[in-house]
Amino acid sequence: MVDARGYSCPIPVIMVQKAVKDNPDKLEVLVDNQTAVGNVTRFANNNGYDVAVKELEDDEYSLALTKR
Amino acid sequence: MQKENFFKKYWLVMLTGLLVGAAAVALTAFGNPANMGFCIACFLRDIAGSLKLHGAGVVQYFRPEIVGIVAGACIMALIGKEFKPKAGSSPVIRFTLGAAVMVGALVFLGCPLRMVIRIGGGDLNAIIGLAGFVLGILIGIFFLKHNFSLGRAYKQGKVEGLAFPVMLIAGFVLTLISVSFFAVSTEGPGSMHAPILLALGIGLVVGALAQKSRLCMVGGLRDAVMFKEFGLLAGFGCILVAVLVGNAILGNLKFGFEGQPIAHTEWLWNLLGMTVVGWGCTLLGGCPLRQLILAGEGNSDSAITVLGMIAGAAAAHTLKTASSADGTGVNGPIATIVCLAVCLLVSVTHLKKEQ
């Protein structure tokens, strides 16, 4: 799991970039702003992952990355 | 197919880029200084002057564009439910980096936006600035890849988030009702400005669009190099295209190094000044324009950065580090080296160990 809450871009994308280096089938990413949701989703889509976004309480988002 | 997707994905940031470029040309045509239609560094410097934080009589004016950009971003963020006050990510470091970025920008004479606008006016000194800017971003990326981070921010209340936008708007209203309270240049770049309502209106539109599209001058190259994402870079390119075309139509396009408006030809300091800007802004996570937008979204860390830039501008003119059309200021070179040292120090002291 990547907890990128509180970080502003590009840090969340860099954290995800490092995490997908190990080629996991699934990865959960927590962020707390829409810019990060958009940037992480775009990065994941470009790197072979599907993304399901779930809005949690308190302006937080959980992104479920699944390998295509 | 690929091309169609690209436009579909990035039309908003490209439209924003075109509009910013067109706005720069239009604002110059309506009275702003040449090749300075839209420069965040210059405008913040003018605001510092209008508050009498520095005594450079030729650059004092409370620029409505800045007020418009922050207010436009704030309104758009409120509408889009993206107004999320937060703070706490190394505020003093951000203030310092903001000041360093401003000192570097005033050695070159322009923020990244004005650098593109100067290139679009044919000023070849700005190409050297661009080389320095790219170099600075690449150094910043090197540290980002080695886990550089200024730390996380935390949620804040609405009032904290609104404080900076409201402060700016209040200051602007005061300039309208009590001109004598603030300094206004009677000669030089500060005396040259577009009509107030036009400047404010264009600022509002640019602020709103830049908030939605996330347009950023350092983000373009950074995302292209780090993530092979070319959207923001396309926005950057669109600004240049719009300025080039606009200047060509109005007959303002003059290629060369010598005699360019509000620019000097000392290439080394043009280069290194923008290296500070590229490096500092990469560490900060966004260019001066982006900092204004984030401040409008309630991000106090960015508001602090903008305040740092205003302080940096005041220092640059008081300590004679700012350049003029005649060349670098007496203390410009040493200040540039100090700012590079600051960037290096901040970079190496914020590398997180791999978990």
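The values are calculated or read from the model by the stated rules, or taken from the named source; none is laboratory data. Note that this is a predicted model, so its numbers are computed, not measured. Quick reminder, even Gly has a Cβ in these numbers, built from the backbone with ideal geometry, and neighbours come from all protein chains shown. Side chains included, ligands, DNA and RNA excluded: accessible areas come from the protein's heavy atoms. Shrake-Rupley method; radii C 1.70, N 1.55, O 1.52, S 1.80 Å.
Quick notes on this one:
- When the alpha-carbon atoms of the range B:236-288 are used, the pair Rg, Dmax equals 14.3, 38 angstrom.
- Extension reserve of the B:V245-B:L78 stretch, reckoned as 0.36 nm per residue once the Cα distance is removed: 56.7 nm
- Accessible-area ranking of B:H350, B:H146, largest first, probe 1.4 Å: B:H146, B:H350
- Rounded Å value of the spacing that divides the Cα centres of the range B:204-264 and the range B:280-355: 20 Å
- Computed helical MRE - 222 nm, the protein assembly as shown, DSSP H runs ≥ 4 contributing -39500 (n - 2.57), nearest 500: -20500 deg cm²/dmol
- Mean-position separation - Cα centroids, the range A:3-50 and the range B:1-54, in angstrom: 30 Å
- Between B:A341 and B:L176, the contour length at 0.36 nm per residue exceeds the Cα-Cα span by 55.3 nm.
- Counting only protein heavy atoms and a 1.4 Å probe, the range B:262-322 has 22 square angstrom of accessible area per residue.
- Surface composition of the range B:284-355: carbon and sulfur make up 68 percent of the accessible area, probe 1.4 Å.
- For the protein assembly as shown, the alpha carbon convex hull comes to 125 Å³ per residue, rounded to a whole number.
- Taking one quarter of the surface of the C-alpha convex hull of the range B:171-242 gives a mean projected area of 7.0 nm².
- Measuring between alpha carbons in the structure, the pairs from A:K67/B:K212; B:K52/B:K320; A:K26/B:K86; A:K26/B:K155; B:K155/B:K352 lying more than 26 angstrom apart are A:K67/B:K212; A:K26/B:K86; A:K26/B:K155.
- Accessible-area order (highest first, 1.4 angstrom probe) of the listed residues B:S191, B:S180: B:S180, B:S191
- Viscosity 1.002 mPa s, temperature 20 °C, Stokes-Einstein D of chain B from Kirkwood C-alpha radius, µm²/s: 108 µm²/s
- Remark on A:V2: its backbone amide H falls under 5 Å from those of A:E28, A:V29, A:L30, a criterion applied only to residues 5 or more positions apart or on other chains, H modelled at 1.01 Å from N.
- For the range B:310-324, Karplus couplings with θ = phi - 60° (6.51, -1.76, 1.60), whole Hz, Gly/Pro x: 5, 5, x, 5, 4, 4, 4, 7, 6, 8, 6, 9, 6, 7, 9
- For B:F148, residues with placed amide H under 5 Å, excluding near neighbours: B:K352
- Karplus-derived 3J(HN,Hα), 6.51/-1.76/1.60, for each residue of the range B:26-43, Hz, glycine and proline x: 5, 4, 5, 4, 9, x, 5, x, 4, 6, 10, x, 8, 9, 5, 4, 4, 5
- Accessible area buried at the B-A interface, both sides summed, 1.4 Å probe (Å², nearest 100): 1900 Å²
- The distance between label points at A:K67 and B:Y154 comes to 3.8 nm (points 7 Å beyond Cα on the Cα→Cβ vector).
- Rounded to whole Hz, the Karplus (6.51, -1.76, 1.60) HN-Hα couplings of the range B:61-68, x for glycine and proline: 5, 7, 5, x, 4, 4, 4, x
- For B:D123, distant residues with modelled amide H under 5 Å away: none
- Full-stretch length increase - B:T318, B:K352 - with 0.36 nm per residue and alpha-carbon distance subtracted: 8.6 nm
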